[in-house]
Structure formats: C-alpha cells, structure tokens
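Here's the structure we're looking at; comments come further down.
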Amino acid sequence: MPHSHEKLIATLREHLTQQRYSPVVVQNYCNYATDFLRYLAKRNIAVEAATPADVSDHLRCAVLRFRRRRGRPPAPCWTSIPKSATHALLRLVHKQWPPEPTGLSAEEIFCHDICTEYETWLREERGLAPATIECLMWEGRHFLSWCATRTGVGAFSELNIKDIDAYFNMRSPGLRRKSLKDVAERLRSLVRYLYHTRRITTDLAPQIISPMLYAYEGIPSALTEEEISATLSAAKQDRSPTGLRDYAILIVLSTYGMRDGEIKRLRLDDIDWRADVLRIRHSKTGAASLLPLTAPVGEALIQYLRDGRPECDVREIFVRMRAPYQPLKRLYSVVNRRMRAAGVKPAGKRGAHAFRHARAVSLLRSSVPKKVIGDLLGHRSAEATIPYLKLATEDLRAIALEIPGREARP
C-alpha cells in the first residue's frame, strides 16, 4: 500500500480513537477503509476523485467477496459497516461526505432557492420555533417539488387553486382531518410567502379551505398510573448503560411531563445539584422553568451520569450509547421499546406525549390549578391546558348527578 494511504489510515485511526470508538470498531473501520483504498488503486482512481458511484461499486464487490468466502450472502445490514468506514475515510479527505449534488436540474435549483429564502423568512421575519419551521419546510419542499414536476418552472407563476386541490388529492389518502388541517395551514404559510415575494400572481391563501375541527373534539392519549409504573419498573431492572439512560429518561418524563425536544435539549448545566433545581427550556414558548429536582429523578440521573453515560464532550445529558457520541435524536423509539418490554400496549400514542398527558391528568386529579399545570407543562395560555380536562373522565363521572326518570303512572 502506498505511503500516502498508510498515512491516511493512521489519521483515520487517530480520528476514530479521539471520537471514543471502541478499539474493535476502530480496527474494523481501518480494515474496510484499507480495502476501499486498494479498490481505488486497482482502478487508478485517486481518493480525492472518488465519487458516490465508486463507493457503490466497491460495496457490490465487497458483497460478492463475502459470498465467495462464506458460501452465502451477508445479512442485509452487513453493508452498513464497510459503508460507514468508507464514508468516515472520505469525510477526512473531502471534508464533507456525501458531497453536495452537482448538475442539478432547473426544477431542483428553483425549489432549492425558494426553500432557502423561505426558511430564512420563517426564522428571521416570523421568529418561529425550530420545530415549527421544520414542519413548514417539509411540506414546502414536497409541494414545490410536486409543482415543479407537474407544471414546470415556467408555469409556476400561474399557480392556481386547481393545482392546490390536485396536491390535496395526492396527499389526502390515509390522512385524518387533523392532519389535513395541518397540511392546509402549512400551504397557506407557503403561498402567502410566494405571493409576498411576487413569485405567484394571486394570493391563494384565503382560498385554501381546511376541514372543520371542533374545539377540544379529540381526546389526548395518556397512560394510566399502572402502565407508567410497569414501564418504569421494567426499565429499572435493566442495569446496562442503555438501561440506566432509558430509565432516567422515563422518570424525567413521568415526573415533569416534558416535551420530547425539551428532554433531548437538557444539558449538564441545567442541573443545580447544590440547590436541587432542574432548569427546563420550553421548546414552544422559548421560556425557561426552574423546577425542584426530586430525589428519584436525581438518583436516576446520578446513576446514569456515573455508570452509564459515555465519556464525551457533548453537553447534552442524554446521548447515543455508540460512537460517535452525539445528542439523542429520537426519543420515540426509546419510550416505545421500553413500553413493549414491559408488556404495556396503550390504545393511543406510545411516545413521550403519552407520559406528558398522564402527568397533566394526575395534577388535575390532585386539584392543582390549571395555571400551575400550564406553567409546569410550558403552555402559552390556560386554553392549552383545557384539553387535558377530558382525560379525567372518571372524576367527572364520580360527581355526575343522576337524571330523574318519569314517575310511573298508577
């Protein structure tokens, strides 16, 4: 192997070690990266000139070699290891991998430019929360791509309500009324911006009609106390590093009723151990709350931080358990996996919000004022707390008056 390749592999080894990959993973990555460099050398391709197509061809060859050596095809997930190793090597060389796409079509350039400006407008002009911007941008990208493919860039300025209706017909199968209402609201935001920037000639926002939803018609999903207790008990029995992390997440959820994003953004600096205070940054309002750090929560966090959390420079409390150690991105899978392990099968949603709703119900049943509950949950107003009242149906039935019937005639 050329000296330059040996130096590159040594750099990769050092980089992976600094990111605290295990020695076994480091060695495997270096072996697969060496195979890729040999593949390029046989074809007289410089690593600086490697393309995604070269990576795909190399992986196909790796699968064929595996089949010849073992007499069987590899498992479907096997290619993820050489692929990750190759990408890690190419990120060192190219600084970014996969590279930015080149040779974009006129439609792709058109959609990319609008989306970039629209995202800036949502963030700087309207000051929306990142989660809201993400939802608006998802719908915006899909709608613009659909329009560019259907009508072309040249006819986009003549966008009309028939085009909106056709898009709804494409999106509507499988969506409930609430989801269709969300689609309509996101499209109104986009077409207002397009009209404001004179990309379309007609303001279509007033013509986008969404389904009628009645106030508080839906009942939020909430776990029962028994389901929460079973989930916590099952997770507590898992003393592995992942189990310590998941139990800490679940007990924080059940105690404070935090949103998914609020837990993922919890930082080490948000815990004041001396004062027993936990700071929560509410994702929707942007405000922060200082809440008492209860003993069970504090003990779970200490055990996770001492015995479960990997050593890393990340300031977020909850991180991935495998290198590279980054803040946890998906909380739903953690919560859902622990509920399944406990044999809990709720009728409604199975994510973090089921714990949040259950916490609201328990506070309502303890006669805590709605204003205090709203402050704890990070609601903008007392109106946002009202839907949770419907979950305390047993309490309402207990105080219901008996309706007198007719007197029987003699």
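The values are calculated or read from the model by the stated rules, or taken from the named source; none is laboratory data. The structure displayed is predicted, hence computed values, not measured ones. No Cβ is skipped: glycine too gets one built from the backbone with ideal geometry, and neighbour counts run over all protein chains shown.
For the stretch 144-164, taking the residues that are over 18 Å from THR197 (Cβ atoms) and exposed (fewer than 13 other Cβ atoms within 10 Å of the Cβ), the one that is modelled with the highest pLDDT is identified as LYS162. I need the full set of residues from the stretch 242-290 which are among the β-branched types (Val, Ile, Thr) and out of contact with any Lys or Arg (no Cβ under 7 Å at 6 or more places or on another chain), in order please. THR242, ILE249, ILE251, VAL252, THR255, ILE263, ILE271, VAL277, ILE280 - these are the residues of the stretch 242-290 that are among the β-branched types (Val, Ile, Thr) and out of contact with any Lys or Arg (no Cβ under 7 Å at 6 or more places or on another chain).
Looking at ARG359, ARG350, ARG281, just one residue is among the charged types (D, E, K, R) and over 24 Å from LYS236 (Cα atoms), and that residue is ARG281.
Can you work out which of the residues in the stretch 43-56 that are assigned to a helix (DSSP H, G or I) and more than 32 Å from the chain's Cα centre (by Cα) is surrounded by the most Cβ atoms within 10 Å (Cβ to Cβ)? Ranking the qualifying residues of the stretch 43-56, first place goes to VAL47.
What about HIS15, is it part of a helix (DSSP H, G or I), in contact (Cβ under 8 Å) with a residue 60 or more places away in the chain, closer than 28 Å to TYR325 by Cα and not assigned by TED's automatic domain parsing to the domain that holds PRO324? Considered against the rule, which asks whether it is part of a helix (DSSP H, G or I), in contact (Cβ under 8 Å) with a residue 60 or more places away in the chain, closer than 28 Å to TYR325 by Cα and not assigned by TED's automatic domain parsing to the domain that holds PRO324, HIS15 comes out as yes.
Contact map, the stretch 80-109: first residue of a type in the set (Lys, Arg), second residue modelled with pLDDT of 90 or more, Cβ cut-off under 7 Å, separation 6 or more or different chains; pairs are LYS83/LEU59. The stretch 285-403 holds helices (runs of 4 or more DSSP H) entirely within its bounds, and those carrying 2 or more residues that are assigned by TED's automatic domain parsing to the domain that holds LEU253 and either modelled with pLDDT of 80 or more or in contact with a helix residue (DSSP H, G or I) (Cβ under 6 Å, 6 or more places away or on another chain) (or both) map to 295-303, 332-341, 352-365, 370-377. Condition check for SER189 on (1) over 28 Å from ASP375 (Cα atoms); (2) surrounded by fewer than 14 Cβ atoms within 10 Å (Cβ to Cβ): one failure, at (2). Take the conditions (1) within 30 Å of GLU262 (Cβ to Cβ); (2) in contact with a Gly (Cβ under 9 Å, 6 or more places away or on another chain); (3) surrounded by 13 or more Cβ atoms within 10 Å (Cβ to Cβ); ILE114 misses just one of them, which is (1). Can you find a residue that is of a type in the set (S, T, N, Q), crowded, with 16+ Cβ neighbours inside 10 Å and either farther than 30 Å from ALA85 by Cβ or out of contact with any His (no Cβ under 8 Å at 6 or more places or on another chain) (or both) anywhere in the stretch 317-332? There is no residue in the stretch 317-332 that is of a type in the set (S, T, N, Q), crowded, with 16+ Cβ neighbours inside 10 Å and either farther than 30 Å from ALA85 by Cβ or out of contact with any His (no Cβ under 8 Å at 6 or more places or on another chain) (or both).
Pairs only if they're at least six apart or on different chains, beta carbon under 8 angstrom, first in the stretch 149-174 and farther than 17 Å from PRO206 by Cβ, second part of a loop (DSSP other than H, G, I, E, B); list them, first residue then second. Every condition considered, the pairs that remain are THR151/LEU159; PHE156/ARG199; PHE156/ILE200; SER157/ARG199; SER157/ILE200; SER157/THR201; GLU158/ILE200; GLU158/THR201. Checking each residue in the stretch 286-301 for being exposed (fewer than 14 other Cβ atoms within 10 Å of the Cβ) and either touching a residue at least 60 places away in the same chain (Cβ under 8 Å) or not charged (D, E, K, R) (or both) picks out GLY286, ALA287, ALA288, LEU290, PRO292, ALA295, PRO296.
Could you identify the single residue in ARG126, ARG141 that is modelled with pLDDT of 85 or more, surrounded by fewer than 14 Cβ atoms within 10 Å (Cβ to Cβ) and closer than 30 Å to ARG265 by Cα?
Unique residue meeting the criteria: ARG126.
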